[in-house]
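*Asks:* Next up is a structure, given as structure tokens.
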């Protein structure tokens with residue numbers, strides 16, 4: 001059974017504000033034993049607990065800085081909890097920073113394999129989806145050119161196509177972004193809807209109430225890293241009215 005469990009998760013970050021005017025001063029301050037500390041620890045997540053079961057479509061809502069994206073990255077194992085545990089049962093596809101793993105000197109084709117490895121796919125699996133990725137991105141004529149020569153639209157089309165060709169059990173989305181011209185945007189939205197339909201579990205962060213209402217059946221409201229409410233669309237309504 002596909003499932004995500006977040007159990008009493010807290011995540012602490014340390015922010016440095018040394019005030020040193022140069023890197024030399026910064027490192028000198030680090031090694032001084034009697035130097036007063038110049039950092040602040042803060043909890044990005046504070047004792048968050050919930051589970052998402054097979055078939056659920058969860059929307060995570062909250063103001064900027066509430067901890068929404070941090071929570072997604074913790075579920076995706078990009079961040080390790082300071083306290084608590086996260087369990088994910090099923091194959092995960094985190095669509096967070098699409099294209100962040102691309103290497104500018106590599107060709108589009110090479111980046112399919114390079115970035116695909118970060119998504120957890122073997123070379124054999126990537127060979128099977130390679131043609132589909134290239135065709136959907138409409139980059140047949142440019143796939144063997146380094147991506148540093150791609151336009152922003154070409155780059156995002158390839159990144160989006162690769163990220164959405166996967167067939168995950170657990171789909172994690174930080175907003176929905178589709179780059180390109182109007183035709184590609186429409187095809188991208190249709191592809192995303194199919195991907196959402198196929199996934200056993202979906203977790204979405206978005207500031208778009210209409211999108212949240214259309215794809216989610218449950219909502220978690222975060223504020224300053226704390227879980228404020230967890231429930232049906234009434235949670236979304238309460239958040240919008242707040």
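*Asks:* Out of the residues in region 133-151 that are out of contact with any helix residue (DSSP H, G or I) (no Cβ under 8 Å at 6 or more places or on another chain) and assigned to a helix (DSSP H, G or I), state the one that is nearest to residue 188 (Cα to Cα).
*Replies:* 135
*Asks:* To continue, here is another question. Looking at residue 166 and the list (1) surrounded by 15 or more Cβ atoms within 10 Å (Cβ to Cβ); (2) in contact with a strand residue (DSSP E or B) (Cβ under 6 Å, 6 or more places away or on another chain); (3) over 22 Å from residue 75 (Cβ atoms), which single condition is not satisfied?
*Replies:* Going through (1) surrounded by 15 or more Cβ atoms within 10 Å (Cβ to Cβ); (2) in contact with a strand residue (DSSP E or B) (Cβ under 6 Å, 6 or more places away or on another chain); (3) over 22 Å from residue 75 (Cβ atoms) one by one, residue 166 breaks only (3).
*Asks:* Within region 181-224, which residues are loosely packed, with under 14 Cβ neighbours inside 10 Å and touching a strand residue (DSSP E or B) at 6+ places or on another chain (Cβ under 7 Å)?
*Replies:* Across region 181-224, the qualifying residue is only 217.
*Asks:* Give the residue, chosen from 202, 192, that is assigned to a helix (DSSP H, G or I) and under 21 Å from residue 76 (Cβ atoms).
*Replies:* Working: 202 fails: assigned to a helix (DSSP H, G or I).
Among 202, 192, only 192 is assigned to a helix (DSSP H, G or I) and under 21 Å from residue 76 (Cβ atoms).
*Asks:* Return only the number of the condition from (1) surrounded by fewer than 18 Cβ atoms within 10 Å (Cβ to Cβ); (2) closer than 30 Å to residue 13 by Cα that residue 79 does not satisfy.
*Replies:* Against the list (1) surrounded by fewer than 18 Cβ atoms within 10 Å (Cβ to Cβ); (2) closer than 30 Å to residue 13 by Cα, residue 79 comes up short only on (1).
*Asks:* Could you check residue 150 against (1) in contact with a strand residue (DSSP E or B) (Cβ under 6 Å, 6 or more places away or on another chain); (2) within 22 Å of residue 182 (Cα to Cα) and say which number it fails?
*Replies:* So residue 150 meets the others, but not (1).
*Asks:* Take residue 102 and decide whether it is at pLDDT 95 or above, surrounded by 12 or more Cβ atoms within 10 Å (Cβ to Cβ), in the same structural domain as residue 161 (by TED's automatic domain parsing) and touching a helix residue (DSSP H, G or I) at 6+ places or on another chain (Cβ under 8 Å). Reasoning before the result, please.
*Replies:* Details: at pLDDT 95 or above: no; surrounded by 12 or more Cβ atoms within 10 Å (Cβ to Cβ): yes; in the same structural domain as residue 161 (by TED's automatic domain parsing): yes; touching a helix residue (DSSP H, G or I) at 6+ places or on another chain (Cβ under 8 Å): yes.
When the stated conditions are applied, residue 102 does not pass them.
The values are calculated or read from the model by the stated rules, or taken from the named source; none is laboratory data. In this text the structure is predicted, and so the values were computed from the model without any measurement. Ideal geometry is used to build each Cβ from the backbone, glycine not excepted, and the neighbour counts take in all protein chains shown.
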